[in-house]
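> Submitted below is the structure of interest, expressed as structure tokens.
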Amino acid sequence: MRVASAAHEVVDHSILEQRPPSVAHLFRQRVAASATDIAYQFFDGDQWSSLSWAETKESVWSLAAGLIGVGVDIEDRVALISTTRLEWVLADLAVMCAGAATTTVYPSTMGSDVAYLLRDSGSTVVFAEDAAQVAKVREHLSELPALRQIVCFDDNVADGDLVIGFTELASRGGMALAGDPHMVDDRIDLLTKDHLATIIYTSGTTGPPKGAELTHDAFVWAGASVASVGLLTPQDLQYLWLPLSHVFGKVLLTLPLTIGFPTAVDGRLDMIVDNVAVIQPTWMGAAPRIFEKVKSKVELTLAEASGMRAGLIRWALAVGDVMSEARQQGRSPGLWLRMRYVVADALVLRQVRDRFGGRIRFFISGSAPLDPQVARWFARFGLLICEGYGLTETAAFTTVNRPHAGCFRFGSIGWPAPGAQVRIADDGEILVRGPGVMRGYHGRPDLTAEVFTPDGFFCTGDIGVQDEQGFVTITDRKKDMFKTSGGKYVAPAHIEAQFKGLCPYVSQFLVIGEGKHYASALVTVDADAIRTWAAKNGMAGSSYEEIVSSAQVRDLIQGYIDELNSRLNRWETIKRFSILERDLSVENAELTPSMKLRRKVVIRNFSETVNRLYEDGAAGTLTEG
């Protein structure tokens, strides 16, 4: 094996060395340091409202005392089933301050799977968003012997017995604090860095979910590591919409505790564009699909320009590309470039930035590969996407590009975070060791042993390389790579990301071909984008199914696949494809709640389509295999 060290950067090691022992300690320190500063912004009715750090503590202390009163002890598991909202944040902080461990459950999870997660984790209390989530738990009570209490964010759902309201729990806690004002502080004082903070279950793309046990230090370290390199400051403002059930969301909650910036919280996907324009955040975490959709919509809008306006746009985009290249290389742009950029920015480029509120310093992209061309496209508008990398088992944070000149590279996942060690195994697998790595899979020492090397490195299952400067690049997921019958390996995720960067109409793109003579693809089309296209191409009023099954759309997609193939090795090229009549979905178990492809499920659900792709004369032939 070989080990490559990260490129040189200025790191304030004192932040890492002096980090507190738990998330609860961290929160208490933040309140003491920033009591009157805004901690969270949120929707109260139809208006944005805010909580200071001191006000947040008041709510959290009451909820934590309420949990202690229900009998929650150190490392007991408390489940959270909800969309991203302020109550989720307060509940999670209360769990941390009661010394317990949060078990996160996606609100889209089916009742039987909810029961599995609660039973496997041994959760004693459940925070549920609404009546629908409460019903999922009630239906399986006989399977949940450890469950003591359900707390619903909707007070109207309470029955006064098993189910109590969020307000009721806080009220009980408030009364307990009146008799013992130090009960929460006393509980926090017992916590150490090695205590369990969270059990987060893997997406289950290759089998039943496994619960990764992450300690308090995993998250405290993640926050300290970001702070140690000056990635964020107290003057920043985060817009948080990502699912807090995901490990990435948990890290995004820890960062403001460490650094002190405010966070605007709203998990409604249909409100992102409206909200960012009002909130004007300086940074935001997102998954690649968000960036792909924005790129597609803007490109389609710009393509409508004609005449002098079209020429102006092309000129401005070219200027943006040159400026972006200079920034990436850390070069100071010359006077002539600066003058052209001022004009290009005023007339074209700034309009795209304004869609995000006009103050974005950078985005963080994670959870799936981002095509480098998508990142370059955003950079021409002055919007830098810093791709990072981490898994559930590594607290979502292993490497990240830095938003400083010369400290990011499109297509890479950046440098290892301070304190994280990255090693490339002989077969190319990325291995990780450090404070963010899980202590093991809950109740599964056998599976835990399988994913650790004798010297304590976690085997990520991802294939990658690390150059002499320390930049790490992922080439594919080890388990996703397949071999054609000709003996050639194909890395599907790399190809899929490229196509999503090329085609503004694609929603999902799945490359297949295990044991076959050639690679093929299953394609789904974005409904909004393709309806807009159809309206301009003689198919206005046609249904989605009619549009995607038309010869015109097949020709459209074929053109983009031809372009994709021109960039691939011969054995990687897509010889045949099929456009599916519907998009993939979480409901059909084809996507995880965090929007990762469940490849085996998709191939099984569309097995007849897959078989036709490998029959002689099948429709959709691009070139003969």
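> Where does the chain land at 222 nm, in deg cm²/dmol rounded to the nearest 500, when only DSSP H runs of n ≥ 4 count, each adding -39500 (n - 2.57), divided by all residues? Write out the running numbers ahead of the final one.
On the way: 23 runs with 243 residues, N = 625.
Taking each H run of at least 4 residues, the total per residue is -11500 deg cm²/dmol.
> Taking just the C-alpha trace of the stretch 516-581, give me its Rg and Dmax in Å.
Calculated on Cα positions, Rg and Dmax stand at 13.3, 40 Å.
> Which Cα, out of SER367, LEU147, MET308, lies furthest along the positive dipole direction of the chain (beta carbon charges, K/R +1, D/E -1)?
Positive-end residue among those listed: MET308.
> Right, something else. Please give the peptides 567-574, 281-288 ranked by average Cβ packing (other Cβ atoms within 10 Å per residue), highest first, as a rough proxy for protection.
Working: 567-574: 15.8, 281-288: 21.5.
Averaged packing, sorted descending, gives the order 281-288, 567-574.
> May I pose another question? For VAL506, enumerate residues with amide H under 5 Å from its amide H, sequence gap 5+ or separate chain, H modeled in the peptide plane.
Distant-sequence amide H within range of VAL506: ASP526.
> A further question follows. Pick out, from ALA39, SER49, GLY111, the residue whose Cα sits farthest towards the positive end of the charge dipole of the stretch 15-111, with +1 on the Cβ of Lys and Arg and -1 on the Cβ of Asp and Glu.
Going by the charge dipole, the pick is ALA39.
> Let me see the pair-distance distribution of the stretch 82-222: every alpha carbon pair, 10 Å bin width, integer percents in order.
Bins of 10 Å from zero give 11, 39, 37, 13, 1, 0 percent of pairs.
> On average, how much accessible surface per residue is there in the stretch 340-498, in Å², for a 1.4 Å probe, leaving out ligands, DNA and RNA?
Result: 37 Å² per residue.
> Which residue, SER228, VAL322, VAL184, has the largest displacement toward the positive end of the dipole of the chain when charges sit on each Cβ (Lys, Arg +1; Asp, Glu -1)?
VAL322
> Take the alpha carbon atoms of the stretch 425-561, find their radius of gyration, then divide it by 2.2 N^0.38 Å using N residues; give the quotient. Can you show the working numbers first?
Numbers: Rg = 20.8 Å, N = 137, 2.2 N^0.38 = 14.3 Å.
For the stretch 425-561, the normalised Cα radius of gyration comes out at 1.45.
> Further question on the same structure: On a C-alpha basis, how far is the centre of the stretch 104-176 from the centre of the stretch 516-537 in Å? Whole number, if you could?
Each part's Cα centre sits 41 Å from the other's.
> Same structure again: When the Karplus curve 6.51 cos²θ - 1.76 cosθ + 1.60 is applied with θ = phi - 60°, which whole-Hz ³J(HN,Hα) does each residue of the stretch 42-52 get, with x for Gly and Pro?
7, 7, 10, x, 10, 10, 6, 10, 8, 10, 7
> Average the reciprocal distances over every distinct pair of alpha-carbons in the stretch 334-390, invert the result, and give the Kirkwood radius in Å. Don't skip to the answer; put the middle values down first.
On the way: mean 1/r = 0.0798 Å⁻¹.
Evaluated on the stretch 334-390, it is 12.5 Å.
> How big is the Cα convex hull of the chain in projection, averaged over all directions, in nm²?
Details: hull surface 118.3 nm².
One quarter of the hull surface, i.e. the mean projection, equals 29.6 nm².
> Also, I was wondering about something else. Over every pair of different alpha-carbon atoms in the stretch 515-625, take the mean of 1/r and invert it; report that Kirkwood radius in Å. Please list the in-between numbers first.
Numbers: mean 1/r = 0.0660 Å⁻¹.
The Cα-based Kirkwood calculation yields 15.2 Å.
> Tell me the per residue accessible area of the stretch 1-125 using a 1.4 Å probe; a whole number in Å² is fine.
On the way: 4910 Å² over 125 residues.
On a per-residue basis, the stretch 1-125 sits at 39 Å².
> When the dipole is taken about the Cα centre of the stretch 112-264, and only Lys, Arg (+1) and Asp, Glu (-1) are charged at their Cβ, what size is it in debye, to the nearest 20? Please list the in-between numbers first.
Details: 9 positive and 19 negative charges, 75 e Å.
Its charge dipole is roughly 360 debye.
> Any idea how far the Cα center of the stretch 218-250 sits from the one of the stretch 323-363, in Å?
Distance between centres, Cα-based: 26 Å.
> So for the stretch 1-135, Kirkwood radius off the Cα pairs, Stokes-Einstein at 20 °C and 1.002 mPa s: how many µm² s⁻¹? Show your work: numbers first, answer last.
On the way: Rh = 17.1 Å.
Estimated via Stokes-Einstein, D reaches 125 µm²/s.
> About its Cα centre, what dipole magnitude does the stretch 451-575 give when the only charges are +1 on Lys and Arg Cβ and -1 on Asp and Glu Cβ, stated in debye to the nearest 20? Before the final figure, lay out each step's value.
Working: 13 positive and 16 negative charges, 76 e Å.
Magnitude of the dipole: close to 360 debye.
> For each pair in LYS293/LYS478; LYS297/LYS479; LYS500/LYS600, compute the distance between the two Cα atoms and list the pairs where it is over 22 Å. Write out the running numbers ahead of the final one.
Details: LYS293/LYS478 27 Å; LYS297/LYS479 33 Å; LYS500/LYS600 20 Å.
Exceeds cut-off: LYS293/LYS478; LYS297/LYS479.
> Restrict the search to the stretch 134-174; then list the GluC sites (Glu not before Pro) that DSSP places in a loop and that have at most 15 other Cβ atoms within 10 Å of their Cβ. Can you show the working numbers first?
Details: sites: GLU139, GLU143, GLU168; in loops: GLU139.
Sparse-neighbourhood loop GluC sites (Glu not before Pro): GLU139.
The values are calculated or read from the model by the stated rules, or taken from the named source; none is laboratory data. On a predicted model such as this, the values are computed, not experimentally measured, just so you know. So basically every Cβ, Gly included, is an ideal-geometry build from the backbone, and we count neighbours across all protein chains shown. To get the accessible areas, we keep the full protein, side chains included, count just its heavy atoms, and leave off ligands, DNA and RNA. Shrake-Rupley method; radii C 1.70, N 1.55, O 1.52, S 1.80 Å.
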